[in-house]
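Student: My structure is below; once you've seen it, I'll send some questions.
The values are calculated or read from the model by the stated rules, or taken from the named source; none is laboratory data. Here the structure is a predicted model, which is why all the values come from computation and not from measurement. Please note: Cβ atoms are built from the backbone with ideal geometry, for glycine as well, and neighbour counts cover all protein chains shown.
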Amino acid sequence: MNPDALSSPAEILRWYVDAGVDECIGDDPIDRFAAPAAAPAPVAAPVERVAPAVARAPLQPPTATGATAAHLASAATTVEELRAAVEAYDGCSLKQFASRTVFSDGNPQSRLMVIGEAPGEDEDRQGKPFVGVSGKLLDRMLNSIGYTRDSFYITNVMFWRPPGNRKPTAEEVALCLPFVERHIALVDPAVLLFVGGLAASTLLANPQGITKLRGRWYEFNVPGLPRPVPAMPTFHPAYLLRTPQQKRLAWRDLLAVKQKLDATQG
């Protein structure tokens, strides 16, 4: 209906309300497509002579010792030395927002090393990886193939909880990566289990999602390992809690891990 055909102001207002108009902006219309008016030319500032800049020494990486993550990681010869290096490292800004450094849990002598993504609220509070609801599910999953917290070893690709559990940035992941790779070399497991897309894509240097990466064996190798280690990516238990129908695929992955561990026994 044309509002010009309405006979009274009340009917016109009713027509506008029915059309969805609920706010009066102004009396004069604004042409949003019109070219903006040219801004006035800036007034030239008076020329000021400035003394030549004094040469500065290059900034050191933000750590207590000025060493990079790669240098600190390569200098560690034991898992405990690496833990101390990670706890002393100040180069990742996530550390200043976290309550604790979450390094690892379980048995570092285990033949099975599990690597997840990043600590959450429960992990940040307790200082251990996978202790929340998703961690309990992961424990049950690994129990089903004969492994407990005392018989497998677990860590993350990030050692500090991102604020609000947001996804870590590429820069944050890169800062932690030298420690993670050295961690794997020092533990020297028989089999690696990458839990979640961030862990899998980071350590395999493969941008594909976990749905495409999981269920296949990969060879993982970094300096310090005596040989490549077979690695299996699988779904993160937090994802399985949201998507329980995918548990059957995760179960296949775990059966493959058990078979590989049995085949490499001794």
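Student: Determine, yes or no, whether Gly135 is in a helix (DSSP H, G or I) and in contact (Cβ under 8 Å) with a residue 40 or more places away in the chain.
Tutor: Taking the combined requirement at face value, the residue satisfies it.
Student: Within region 138-149, restricting attention to residues that are in contact (Cβ under 8 Å) with a residue 60 or more places away in the chain and not hydroxyl-bearing (Ser, Thr, Tyr), which residue is surrounded by the most Cβ atoms within 10 Å (Cβ to Cβ)?
Tutor: Leu138
The rows are residues; the columns are (1) within 22 Å of Ala75 (Cβ to Cβ); (2) of a type in the set (Asp, Glu); (3) touching a strand residue (DSSP E or B) at 6+ places or on another chain (Cβ under 7 Å).
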| site | (1), (2), (3) |
| --- | --- |
| Phe159 | yes, no, no |
| Arg166 | no, no, no |
| Pro178 | yes, no, no |
| Leu192 | no, no, yes |
| Gly209 | no, no, no |
| Leu225 | yes, no, no |
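Student: Another question, then. Run down Ile210, Ile154 and say which single residue is in contact with a Phe, Trp or Tyr (Cβ under 7 Å, 6 or more places away or on another chain), of a type in the set (Val, Ile, Thr) and crowded, with 22+ Cβ neighbours inside 10 Å.
Tutor: Ile154
Student: A further question on this structure: Could you list, ordered by first residue, the pairs with Cβ atoms under 8 Å in which the first is in region 113-129 and in contact (Cβ under 8 Å) with a residue 12 or more places away in the chain and within 18 Å of Val173 (Cβ to Cβ) and the second is acidic (Asp, Glu) and crowded, with 17+ Cβ neighbours inside 10 Å, at least 6 apart or interchain?
Tutor: Filtered contacts from region 113-129: Pro129/Asp105; Pro129/Glu123.
Student: A follow-up question, please. Regarding region 62-77, can at least one residue be identified that is surrounded by 17 or more Cβ atoms within 10 Å (Cβ to Cβ), part of a loop (DSSP other than H, G, I, E, B) and modelled with pLDDT under 95?
Tutor: Yes, because at least one residue in region 62-77 is surrounded by 17 or more Cβ atoms within 10 Å (Cβ to Cβ), part of a loop (DSSP other than H, G, I, E, B) and modelled with pLDDT under 95.
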